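The values are calculated or read from the model by the stated rules, or taken from the named source; none is laboratory data. Everything numeric here is computed off the predicted structure, so don't read it as measured data. Heads up, the Cβs are rebuilt from the backbone with ideal geometry, glycines too, and the neighbour counts pull from every protein chain shown.
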Amino acid sequence: MSGELIQALVELEKERGIPKEVLIDAIESALKTAYKKNFGSSQNVEVQMNSETGDVKVLSRKTVTERVSDAKTEISLEEARLIDSEVQMGDEIEVEVTPSNFGRIAAQTAKQVVIQRLREAERNVIYDEYSSREGEIVAGTVQRAEQKVLIINLGQTEAIMPPQDQIPGETFTQGQRIKCYISEVKKTAKGPQITVSRSHPFFLRRLFELEVPEIFEGLVEIKSIAREAGYRSKIAVSSRDDNIDPVGACVGHRGMRVQNIVRELNGEKIDIIKWSQDMSVYIANALSPAKVLHVEIDEAEKSSRVVVPDNQLSLAIGKEGQNARLAAKLTGWKIDIKSESQVLKEEE
């Protein structure tokens, strides 16, 4: 059994990359606990496993005394000198106390330790892989729902999609393939916990990177995103090449590129606007599709007053204030929208 165990540890080191010495240390530690549980916890013992043969010894550290009052922790000078002829009174000496049936306990314990370490190694591999992919899009299969939390099968492991990371109104069937964004990977006692999202603004960013080569290649840059998942998003883009229209690149021929993204998001409206260093121009663009007559800005307060034609006021504000709210989120500025007639009344 001992030789077979060492051979198994050698194979694990080759196949799984778990050092044999690490496994032996873990087995020795577990065997020490097992010994104390089965044969008395008061003894000061160490367990040693021979790394070549797999033989296990239990050694108890005892103090050399003239009169032995506790055989578990003390040894007479006469007995001690049978082990070490130079030992003196008061010295500590290691005495082998391996029980006759300890081999069976050792085999069971070693098996448990190896299985546990294999699980830990597999968990670490999964954690390392997915933590390095945090911020990427991944495809998975809907496994099940548990209290409104979607469980997504990623192949090697499962991920969770909490309610706040789901797009309102979306429903999925078991076995359905979906794309999602890896928003967080953390270690837990039960292994790595991978959280994925479809509502995260960066999910939209990654979809554009996948769909628009100019963004992936860095010729077009996404400057800002404002998103109310499932309803509407605004994305501000700029070009690093004067010959490339950033909005046109994102829209694509006959709108195909943006339509592919809209389909992936089940009809979420997407406004693609041109970013500008000129804040008044940027704010006017951000209120698209509404037409803007004039923008007054207050740099100190990071606020603006926007004037629109009367027939554009409701469009500029949007349903339940959504268009104005997203424009403010996109630009990072406060936006006060007035119609042309409202401004004229104020000036009278």
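Brief remarks follow.
- Subset of segment 241-263 [touching a helix residue (DSSP H, G or I) at 6+ places or on another chain (Cβ under 6 Å) and farther than 25 Å from Tyr282 by Cα]: Asn260
- Considering Ile215, Ile178, the condition of being crowded, with 16+ Cβ neighbours inside 10 Å, without any contact (Cβ under 8 Å) to a residue 60 or more places away in the chain and assigned to a helix (DSSP H, G or I) is satisfied by Ile215 alone.
- Residue within segment 128-139 that is modelled with pLDDT under 85 and of a type in the set (A, V, I, L, M) present: no
- Total residues in segment 334-348 satisfying the condition of being outside any helix (DSSP H, G or I), among the charged types (D, E, K, R) and farther than 18 Å from Ala236 by Cα: the figure is 3.
- Restricting attention to segment 321-348, the residues that are modelled with pLDDT of 95 or more and more than 14 Å from Leu287 (Cβ to Cβ) total 1.
- Residue list for segment 306-333, filter: surrounded by fewer than 17 Cβ atoms within 10 Å (Cβ to Cβ), in contact with a helix residue (DSSP H, G or I) (Cβ under 6 Å, 6 or more places away or on another chain) and either outside any helix (DSSP H, G or I) or of a type in the set (A, V, I, L, M, F, W, C) (or both): Pro309
- Looking across segment 10-55, the residues that are of a type in the set (Val, Ile, Thr) and either in contact with a Leu (Cβ under 8 Å, 6 or more places away or on another chain) or not assigned by TED's automatic domain parsing to the domain that holds Arg119 (or both) come down to Ile18, Ile24, Val45, Val47.
- Only one of Arg227, Arg205 that is part of a helix (DSSP H, G or I) and closer than 24 Å to Ile283 by Cα: Arg205
- Of all residues in segment 6-38 being more than 19 Å from Glu120 (Cα to Cα) and out of contact with any helix residue (DSSP H, G or I) (no Cβ under 9 Å at 6 or more places or on another chain), the one that is surrounded by the most Cβ atoms within 10 Å (Cβ to Cβ): Lys32
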